[in-house]
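Read through the structure below, which is laid out as structure tokens, and then see the notes.
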There are 2 protein chains.
Amino acid sequence: MPADFQQIGLIGFGAFGRLIARHAPAGVRLLAYDAASDAGELSPPASCRLSRVSLAEAASCPLVVLAAPVTATAAICRQIAPWLRPGTLVVDVGSVKVQPVADMIANLPADVEIAGLHPLFGPQSAADGLAGLRLVVCPTRGRKAFRLAALLKAGFGLETQFATPEDHDREMAMVQGVTHMVARLVASLDERPTRMATRSYALLMQAVDMVRRDNPAVFDAIALRNPFVAGVQEQFFEAAGALRRDLAARRAAMTDVEPQPCAAAF
Amino acid sequence: MPADFQQIGLIGFGAFGRLIARHAPAGVRLLAYDAASDAGELSPPASCRLSRVSLAEAASCPLVVLAAPVTATAAICRQIAPWLRPGTLVVDVGSVKVQPVADMIANLPADVEIAGLHPLFGPQSAADGLAGLRLVVCPTRGRKAFRLAALLKAGFGLETQFATPEDHDREMAMVQGVTHMVARLVASLDERPTRMATRSYALLMQAVDMVRRDNPAVFDAIALRNPFVAGVQEQFFEAAGALRRDLAARRAAMTDVEPQPCAAAF
């Protein structure tokens, strides 16, 4: 790793912070800050040097990764602004990109570089390693994000894709907005048979299981902080309403019971 | 194949009839009848002897497979009753079991054996062969269905499961009722991105693609002819309605726009 990516300030040590810690290569030092005192166990591999540090120390690294809920992006940027060094690359790794990128532009000093990152994977999909998994990069200010993307591609086999925050959120409205909504609805049902599974049902339940244990903040970001998701979800809800009415009408038409004549008002 | 399963009368030559024809072993003769004159091309492997025959000829076989839409079961049973021989095994292969099994009991002669079969696969999932695929068997009258199930297990590697029609339909209300409904709703959306697919989205779309091209009669059978499906689907629709209201309320609470005071009536 080149010098400017050898020391990484990690702000937020949740599921994604732990994933970074698990995969950080030897020679990389992770300085992690988390506002919560019980930010989970720190059990990285021995090759990864991870320390719990203050926010100021994390913000002083040449690469700063915001891995906190997207709703905290603006406030964190304002908090770390005094400690950031000129030329630092600040990236976020949230599930939406329009809002956090706008928050970073509005609240970070003009002399730091900025990029939005969205690793299209989580602890579940990365269980077998990172090779072949996708990373969306939204370069926003400066050129370092391109170099970081190239390093992640070469070092971990990640498939990197460049996009604007708008293009990212438009695709994710369907990819995540609909998938996570369907998963939540299916997971809420009382039944969960496994004996007579069809192949399509097994695939659906695999998809459901990949996201049903996600942190609720992930669902909230996907469903509430993506400017395009309401439209796609409304289309789904409208289609569901239409199907419900259609099925009810056809079930009513099928029944052998004769409709009772209306009793006149007495 | 024992003599009583070597000659199979196939009533209905749609997607499932063709699947049987493709996999029928050498030595088996298929006598196929379809009410539609354009019942698709007949292109079985050379080892499979398939002939287009009259309904009477198909019904005269020692094993008769009803592979027509489930709504036609009762009428077909009445039609074939005069030609069926004593001891014949009549099976259906529909996606629901309570109604067609009741239709067979009510409309077939007392001296034929009866079983409901549900192969939990279709042309899509059987593309790579039948081994490991599941077949639900509802033995209803006589013992031949057990022997047929054992032969299908030994000959094709199918995983056979025995169940009552009620147990079958109760599981399928979720397995197929929900999966096919979700697939139809997701397939109806305008968006279909592929560039930034997550693993869970890819699994969901695989499930969607397995069933979206099914014959509409299959969806109708699953959604309208299973006595338990309305309850499960209503639970899904209720959950969707609740989620829609919850998301709308939270989006409204998030907006920075101050609510306008109501204009007094003028």
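The values are calculated or read from the model by the stated rules, or taken from the named source; none is laboratory data. Worth saying up front: this structure is predicted, and the values here are computed from it rather than measured. Every residue, glycine among them, receives a Cβ derived from its backbone with ideal geometry; neighbour counts consider all protein chains shown. To get the accessible areas, we keep the full protein, side chains included, count just its heavy atoms, and leave off ligands, DNA and RNA. Shrake-Rupley method; radii C 1.70, N 1.55, O 1.52, S 1.80 Å.
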Starting from segment B:145-169, keep only residues that are touching a residue at least 40 places away in the same chain (Cβ under 8 Å) and farther than 18 Å from A:Ala197 by Cα, then list their pairs with residues that are among the β-branched types (Val, Ile, Thr) and outside any loop (DSSP other than H, G, I, E, B) whose Cβ atoms are within a distance under 9 Å, requiring at least 6 positions of separation or different chains.
-> B:Ala145/B:Val91; B:Ala145/B:Ile114; B:Ala145/B:Val137; B:Leu148/B:Val91; B:Leu148/B:Val137
At pLDDT 95 or above and open to solvent by less than 40 Å² (accessible area, probe 1.4 Å): does that describe B:Leu148?
-> yes
For segment A:131-182, enumerate the residues that are acidic (Asp, Glu) and farther than 25 Å from B:Ala207 by Cβ.
-> A:Glu166, A:Asp167
Residue hits (segment A:105-126; touching a residue at least 24 places away in the same chain (Cβ under 8 Å) and more than 17 Å from A:Phe16 (Cβ to Cβ)) are A:Ile105, A:Ala106, A:Asn107, A:Leu108, A:Pro109, A:Asp111, A:Val112, A:Glu113, A:Ile114
Note down all Cβ pairs under 6 Å where the first residue falls in segment B:186-199 and is more than 7 Å from chain A (Cβ to nearest Cβ), the second is modelled with pLDDT of 90 or more and surrounded by 15 or more Cβ atoms within 10 Å (Cβ to Cβ), and they're at least six residues apart or on different chains.
-> B:Ala187/B:Val208
Would you please name the residue that is least open to solvent (accessible area, probe 1.4 Å), looking only at residues in segment A:1-18 that are part of a helix (DSSP H, G or I) and farther than 16 Å from A:Val112 by Cα?
-> A:Gly17
Only one of these conditions is not met by A:Gly157: (1) open to solvent by less than 70 Å² (accessible area, probe 1.4 Å); (2) within 11 Å of chain B (Cβ to nearest Cβ). Which number is it?
-> (2)
Working only within segment B:166-183, note down all residues that are open to solvent by 10 Å² or more (accessible area, probe 1.4 Å) and within 7 Å of another protein chain (Cβ to nearest Cβ).
-> B:Glu171, B:Gln176
Scanning segment A:234-250 for residues that are surrounded by 14 or more Cβ atoms within 10 Å (Cβ to Cβ) and facing chain B (nearest Cβ under 7 Å) gives A:Gln235, A:Phe236, A:Phe237, A:Ala239, A:Ala240, A:Leu243, A:Arg244, A:Leu247
Whichever residue in segment A:19-29 is in contact (Cβ under 8 Å) with a residue 40 or more places away in the chain and of a type in the set (A, V, I, L, M) and, among such residues, is least open to solvent (accessible area, probe 1.4 Å) | A:Leu19
Could you list, in sequence order, the residues of segment A:68-93 that are in contact (Cβ under 8 Å) with a residue 40 or more places away in the chain and open to solvent by 40 Å² or more (accessible area, probe 1.4 Å)?
-> A:Pro69, A:Thr71
Would you check if B:Ala131 is out of contact with any strand residue (DSSP E or B) (no Cβ under 6 Å at 6 or more places or on another chain), among the hydrophobic types (A, V, I, L, M, F, W, C) and more than 9 Å from chain A (Cβ to nearest Cβ)?
-> yes
Do we have any residue at all in segment A:94-109 that's part of a strand (DSSP E or B), open to solvent by 10 Å² or more (accessible area, probe 1.4 Å) and more than 11 Å from chain B (Cβ to nearest Cβ)?
-> no
Could you please find all residues in segment B:185-201 being buried (at least 17 other Cβ atoms within 10 Å of the Cβ) and more than 19 Å from A:Gln233 (Cβ to Cβ)?
-> B:Arg199
